[in-house]
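Single-structure report; data block below.
The values are calculated or read from the model by the stated rules, or taken from the named source; none is laboratory data. Just so it is clear, the model here is predicted, and its values are computed rather than measured. Every residue, glycine as well, gets a Cβ built from its backbone with ideal geometry; the counts of neighbours run over all protein chains shown. Please note that ligands, DNA and RNA were not included when accessible areas were found on the heavy atoms of the full protein model with its side chains. Shrake-Rupley method; radii C 1.70, N 1.55, O 1.52, S 1.80 Å.
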Amino acid sequence: KDGELEGFNVLTGGGLGRTHNKEETFARLSDHLGYVKKEDIYKLLKAIGAIQRDYGDRSNRRHARMKYLIHDWGIDKFKAKVESYFGKSLKPFKELPAWQYQDFLGWHEQGDGKLFLGILVENGRVQDRDSLKLKTALRKIVEQFNLPMRLTPNHNIIFYEIERSRSKAIEKILAAHGVEINPDRLDSLTRYSMACPAFPTCGLAITESERALPSVLERINLLLEKLNLSSEKLVIRMTGCPNGCVRPYLAELGFVGSGPGTYQVWLGGTTDGTKLAQPYVQRLRIEHLESFLEPIFLYFQANRELDESFGVFCNRIGFDKLQAICHTFCKDSGVGS
């Protein structure tokens, strides 16, 4: 209650990397291991690392992750082994408030009289492009005000330690360079989406991602508008290969590169990132995007519960039912398999 750190809930066994057509590789959510006081955290981490060293798969690189050890053992066996290395029992996992996704875009109170400002960086690429001169604006702010920055797990930037008297001058610089800081005026699909760099930067890429996602989002926005779903907020992620670098397996709608211009589609993640999505279509040609999504969105529109998100809806309905409904709509379109 006095604001002092007491300890840590510890989770183990999560990981999103996988390989197409290698079913022994898979995305996995972490398990609750237990709670430790703050003075014991490093000793516990040493015990966990030592178990991976002693029992992890040292012969098969694709099977070398801790998530596979915990999957094979189960969390109870893993916890017992951790406690034997740790030298004492772990406390039960402490209940936390329900997790909520927050991107902290726009202006916020810092808690000490100063402000912080979250700025959207589409796909994490700081650049000057057309009327949006984000790179120049950030440089001017840093040079003029010498503000520290933080990078967020969702590719955005936060300026902090901002004196209130400087907020208008900062807003003026951003506005002059086409940078929108009001989160309510941002395109919601862009706000909640991410793409990995893929071509031409990443040697593992199978197909486009960062360069493809803006046009994909534009097409999805047009489809949602056509179906009177334009106010819908969807968490969309795209990667150029199955390694999962922008967490497509936690998205409501995830595109995972499976070949040139072709994507595996994952559905059923949640807006708070706490539920794993599942593969729905193995190979979708991107030119069939609208004919693939339209029947799913129509069924969502007609059968969703009050305020139900798209990912939660997909999980409640189930893929078998979704595929049966969509098959009739799509059977002659050659959408995918």
| said: For the stretch 178-193, which positions are out of contact with any Lys or Arg (no Cβ under 9 Å at 6 or more places or on another chain), assigned to a helix (DSSP H, G or I) and among the polar types (S, T, N, Q)? | reply: 190
| task | Being within 19 Å of the chain's Cα centre (by Cα), at pLDDT 95 or above and among the polar types (S, T, N, Q) is the filter here, so list the residues in the stretch 1-54 that pass it. | result | 12, 30
| Name the helices (runs of 4 or more DSSP H) wholly within the stretch 15-112 that hold at least 3 residues that are among the β-branched types (Val, Ile, Thr)? | 41-55
| query | Among the residues of the stretch 200-237 satisfying the criterion of being more than 25 Å from residue 18 (Cβ to Cβ) and among the aliphatic types (A, V, I, L, M), which is most open to solvent (accessible area, probe 1.4 Å)? | reply | 222
| What residue, of 135, 140, is farther than 29 Å from residue 217 by Cα and open to solvent by 70 Å² or more (accessible area, probe 1.4 Å)? | 140
| message | Tell me whether the stretch 267-276 contains one or more residues that are closer than 15 Å to residue 224 by Cα, open to solvent by 40 Å² or more (accessible area, probe 1.4 Å), in contact with a helix residue (DSSP H, G or I) (Cβ under 8 Å, 6 or more places away or on another chain) and touching a residue at least 24 places away in the same chain (Cβ under 8 Å). | response | no
| Looking at the stretch 270-281, is at least one residue in contact with a Gly (Cβ under 7 Å, 6 or more places away or on another chain) and within 23 Å of residue 211 (Cα to Cα)? | yes
| Among residues of the stretch 151-192, those that are out of contact with any Leu (no Cβ under 9 Å at 6 or more places or on another chain), of a type in the set (A, V, I, L, M, F, W, C) and within 25 Å of residue 247 (Cα to Cα), counted | 1
